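The structure appears right after this line, and notes come after that.
The values are calculated or read from the model by the stated rules, or taken from the named source; none is laboratory data. These numbers were taken from a predicted model, which means no experiment stands behind them. Cβ: placed from backbone, ideal geometry, glycine included. Neighbour counts: every protein chain shown. Side chains included, ligands, DNA and RNA excluded: accessible areas come from the protein's heavy atoms. Shrake-Rupley method; radii C 1.70, N 1.55, O 1.52, S 1.80 Å.
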Amino acid sequence: MSPKLKTFLERGFSTIVLLGLLGGTVAWNEPIGYAVLISVLCNLTSWEWFNMLKGTNANRWLSLVCGLLYPWFFSWFCISYNTSIEAKLAIALGALVLFTIMAFCGQLFRMDYRGKTGAEMLDGMGMTLLSFVYPVWMFCFALTWVGSQVNIMAMLWLVLFTKMSDIWAYMSGVLLGGKFITRKFSPCVSPKKTWEGIIGSIIITLTVGALLLPVLMPFSKESFSDPAFYAIYIPSGLLLFFLSVWGDLAGSLIKRGIAVKDSGSLLPGIGGIFDLIDSPAFTVSFVICTGALVLQL
């Protein structure tokens, strides 16, 4: 069996398992189910970060503890209190400010009493902050939508759209990569990404994404006959697509910087949970924060 076929089969198996897990959560259709799923994914990612940070100047224990507790606290707040999106965002920003203060205090202690240099302190501060923010804190924005059925379906569509961009890029790249465009899409960060894979994924992802809209949100069926729908959907879809790609590349950049191949081995052919939620962290946080901003205008 060739390495490409082996990876393809492993990815296919992991994708089926994940879709089954997501399908079970949707079938249950309770806010607590979505909250638990998101929190568990974030917890597993925090554990992967904890392992990746071995040997660095980061405060990996602070990152782990906050990464384990914050998703559950935020889930509890979003489910227990019927508050506005602005209040939920305020809680999220407050948590980030608190974590930043604790991270600075930890690094200052290391500099004063552990003999760390200023450069080591700043390096550790950056790694500690990043290990909490991306993708855990950013992906937790999905919890702000768990109270509404329409919002949940919209979030489901967004996550599926995001992950499709990666899946179709991989498949298009395997079939057509390098046959027409020799230059790689991201030669340094992710050398396996090809322009053929990106272009093929754009076409398939936008098409399948449009077809999924009326399935997940039936009220959108009437929009398909309106030219204004495509005038909004196409540029918005392209923006979400490239946010997905950049989110995936951000994960690759981190792993290259830490010098690890995979964040984990829980998902054959994919890696760890970190690799699963890296791109949705970009799209989910962007859509929710941008939507909240638009509502204020």
Fill in the blank from the handout: Flagged in the stretch 165-185 as in contact with a Pro (Cβ under 7 Å, 6 or more places away or on another chain) and part of a helix (DSSP H, G or I), in numbering order, are none
Exercise for the section: Considering each residue of the stretch 110-131, count those that are closer than 23 Å to Phe50 by Cβ and in a loop (DSSP other than H, G, I, E, B), and give that number. Expected result: 2
Exercise for the section: Count, please, the residues in the stretch 21-62 that happen to be of a type in the set (A, V, I, L, M, F, W, C), open to solvent by 40 Å² or more (accessible area, probe 1.4 Å) and modelled with pLDDT of 90 or more. Expected result: 6
Completion exercise
When the stretch 62-97 is checked residue by residue, the ones that are outside any helix (DSSP H, G or I) and within 19 Å of Val284 (Cα to Cα) are Ser84
Exercise for the section: Can you run down the residue pairs with Cβ atoms below 9 Å, 6 or more apart or on separate chains, where the first is in the stretch 119-144 and farther than 15 Å from Leu62 by Cα and the partner is assigned to a helix (DSSP H, G or I) and of a type in the set (Asp, Glu)? Expected result: Pro135/Asp278; Phe139/Asp278
Problem - Hey, Thr100 in contact (Cβ under 8 Å) with a residue 12 or more places away in the chain, in a loop (DSSP other than H, G, I, E, B) and open to solvent by 30 Å² or more (accessible area, probe 1.4 Å) or not - result: no
Practice task
Assess whether Ser252 counts as being under 30 Å from Asn51 (Cβ atoms), at pLDDT 95 or above, part of a helix (DSSP H, G or I) and open to solvent by less than 50 Å² (accessible area, probe 1.4 Å).
Solution key: no
Handout entry: Qualifying residue in the stretch 203-223 (condition: of a type in the set (S, T, N, Q), under 15 Å from Phe161 (Cβ atoms) and at pLDDT 85 or above)
Key = yes
Exercise for the section: Go through (1) small (Gly, Ala, Ser); (2) under 21 Å from the mean Cα position of the chain (by Cα); (3) on the phi > 0 side of the Ramachandran plot one by one and return the number of the condition Ala92 breaks. Expected result: (3)
Handout entry: Failed condition for Leu240, given (1) open to solvent by 80 Å² or more (accessible area, probe 1.4 Å); (2) touching a helix residue (DSSP H, G or I) at 6+ places or on another chain (Cβ under 8 Å)
Key = (1)
Exercise for the section: Would you mention how many residues in the stretch 186-208 are open to solvent by 20 Å² or more (accessible area, probe 1.4 Å) and free of Cβ contacts under 8 Å to residues at least 60 places away in the same chain? Expected result: 13
